[in-house]
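The values are calculated or read from the model by the stated rules, or taken from the named source; none is laboratory data. The structure presented is a predicted model; accordingly, all values stated were derived computationally and were not measured. Here the Cβ positions follow ideal geometry from the backbone for every residue, glycine too, while neighbour counts run over all protein chains shown.
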Amino acid sequence: MTSYESQISFALDTICRKLGHIWQRGDWMKLYPEASKEGQDKYEWYRKSRYGDSDEKMKMYETLMSAYGTGVGIDFKFHGVVANTLDAHRVVQYFQEEKGPEIADKLINSLYSQYFENEKHPSSPETLFKATSDAGIPEAEAKAVIDNEKEFLRDTNNLIRETKSNGIDAVPNIMFEGKRRDITLEGAKEIEEYEKALHQIAKESK
């Protein structure tokens, strides 16, 4: 019996946390493309744009997300800045192409930890150098990519446009490629739903 090798594709933004550590192929979407590079206060942005400028609703959001985070080992913080993430996408995509998915996964995990748990800017040079260091990328090699804002920019913008053209307008968007059919899960899901999708793909691939 021949085996079937399934691919799992992620459409992500570096300010939208993914669950777990499965990584096969990353596609990119800027969740808030209108955001500036400098950014704005994260707490105020969420309160005004998502929760009707309501302190009460924002507190409920903090409580809920803190509980979710505790359950999976994430210590969510709610301050810092929301900013344009294009440079982070560019750096991750470049090193995914050059060094493979394991390095990309380390970069992503560092970016998430810095943004969600340590209230760092999502795509500043400081943040990107920390992420590349955490991923084991030599400083000189990282500097050549981070400092050159045009490096891999066209490719990254093309991938973002491709993601949008595929009808993806929310993240995370995870597509499990199956032998008989594909299964797509959009938005944050419970871990059990991802497990169910994986079991179904495996069952249908026999």
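Number of residues in the range 1-55 that are at pLDDT below 50, charged (D, E, K, R) and not in a loop (DSSP other than H, G, I, E, B): the value is 2. Restricting E117, E126, E97 to those that are under 14 Å from A142 (Cβ atoms) and either of a type outside the set (D, E, K, R) or in a helix (DSSP H, G or I) (or both) reduces the list to E126. Residue check: A88 meets all listed conditions (1) within 20 Å of P125 (Cα to Cα); (2) at pLDDT below 90 but one, namely (2).
Filtering the range 110-123 down to residues that are free of Cβ contacts under 8 Å to residues at least 40 places away in the same chain and in contact with a helix residue (DSSP H, G or I) (Cβ under 8 Å, 6 or more places away or on another chain), which residue is surrounded by the most Cβ atoms within 10 Å (Cβ to Cβ)?
Here the answer is Q114.
Hey, among the residues in the range 166-199 that are part of a helix (DSSP H, G or I) and over 11 Å from S6 (Cβ atoms), which one's modelled with the lowest pLDDT? Result: I191.
Report whether or not I174 is under 18 Å from F10 (Cβ atoms), in contact with a Leu (Cβ under 6 Å, 6 or more places away or on another chain) and in contact (Cβ under 8 Å) with a residue 12 or more places away in the chain.
Answer is yes for this residue.
Somewhere in the range 130-139, is a residue surrounded by fewer than 17 Cβ atoms within 10 Å (Cβ to Cβ), part of a helix (DSSP H, G or I) and touching a strand residue (DSSP E or B) at 6+ places or on another chain (Cβ under 8 Å)? No - not one qualifying residue is present in the range 130-139. Answer yes if at least one residue in the range 165-179 is exposed (fewer than 13 other Cβ atoms within 10 Å of the Cβ), within 14 Å of R90 (Cα to Cα) and acidic (D, E), and no otherwise. Scanning the range 165-179, I find no residue that is exposed (fewer than 13 other Cβ atoms within 10 Å of the Cβ), within 14 Å of R90 (Cα to Cα) and acidic (D, E), so the answer is no.
The number of residues in the range 140-165 being assigned to a helix (DSSP H, G or I) and out of contact with any strand residue (DSSP E or B) (no Cβ under 8 Å at 6 or more places or on another chain) comes to 15. Taking the numbered list (1) closer than 13 Å to V92 by Cα; (2) hydroxyl-bearing (S, T, Y); (3) out of contact with any helix residue (DSSP H, G or I) (no Cβ under 6 Å at 6 or more places or on another chain) in turn, T156 passes all entries but (3). Across the range 100-126, the number of residues qualifying as over 13 Å from the mean Cα position of the chain (by Cα) and farther than 17 Å from N148 by Cβ comes to 9. Among what's in the range 143-160 and is β-branched (V, I, T) and modelled with pLDDT of 95 or more, pick the residue that is surrounded by the most Cβ atoms within 10 Å (Cβ to Cβ). Here the answer is I146.
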